[in-house]
Structure formats: structure tokens, C-alpha cells
Amino acid sequence: MFEHISGPVGRVMNQLRETTWKKKGAIYVPKGRAREYAEFAVSLYKGCDHGCVYCHAPAQLRMNREGFSQVVVRTGILSQLEKDAKFMKELGWTDVRVLMSLVTDPYPAIDADLQYTRLG
């Protein structure tokens, strides 16, 4: 699963993926085929305002397209993301990839004002 991570970190990740990390906060373990993209993912927003007709996300999330098109900031997401990142660092996971917005666009229109995705 985690070919790019070898040794103890890879073994720990494989072990924790299904147990400890499964119910963590902002950063989560993608399920099914999505795991081929990254070990972990995070979405700062719920929904997407682009309205692409080919988008699979509403069906995947069991939402109607109208509801999915209403972008909402996830409550407490930045503080939870910071906690998750600190926890990963404590585990020694400094080479872990976290995919941004697996089922949403990381740059919805409201991000122009909030700039959550552009923090740095």
C-alpha cells in the first residue's frame, strides 16, 4: 500500500490505518480505490460550487447535487488539522502524503476571502 514509505514508518502506517487513525479528526484515511491516490486526505470544505455535470462526488457522498453545490466550511477544521499534523509529527510521519480535497475542490469561491487553502 505505502510503497514510497519503507521500514518502520510504513509498517506503523499499515497497522494504524485501520485502527488508531480511522476515526481521527480532519485528516482521514480514504476508503476503497481512493487509497491509490494517497494514504491520507483532508477536506477543508464540504461541497463544491463548480457544478460539473460529470462529478462523481455527490453520489459518492450520498448527497443531491443542489445540496453539494452549497459550500460550507467544516467547523473547527483548521485547529483539528493542526492537531492531526502535530500527532503525525510525534509519530515520526514527516514523509506522509495528505491529499487535499479528495471529493471537493480545494479552492471554492469562498476561499478567495477565507484563504484557508492558501495559508502559509
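Every number in this text was worked out from the coordinates using simple rules, so none of it is lab data. Note that the coordinates shown come from a computational prediction; the quantities given were computed from them, not determined experimentally. Here the Cβ is made from the backbone with ideal geometry for all residues, glycine too, and neighbour counts use every protein chain on show.
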Once the piece of chain linking Lys89 and Gln60 is laid out straight, how much longer is it, given 0.36 nm per residue of separation minus the C-alpha distance between them?
7.3 nm
Once you place label points 7 Å from the Cα toward the Cβ at Tyr37 and Arg97, how far apart are they in nm?
1.2 nm
Once you have the Cα-Cα distance between Glu82 and Gln115, take 0.36 nm times their residue separation minus that, and quote the gain in nm to one decimal.
10.3 nm
Show the residues, 5+ positions off or on another chain, whose built amide H is closer than 5 Å to the amide H of Asp49.
Ala109
Using θ = phi - 60° and the Karplus relation 6.51 cos²θ - 1.76 cosθ + 1.60, list the HN-Hα couplings for segment 55-60 in order, rounded to whole Hz, with x at every Gly or Pro.
5, 8, 4, x, 5, 4
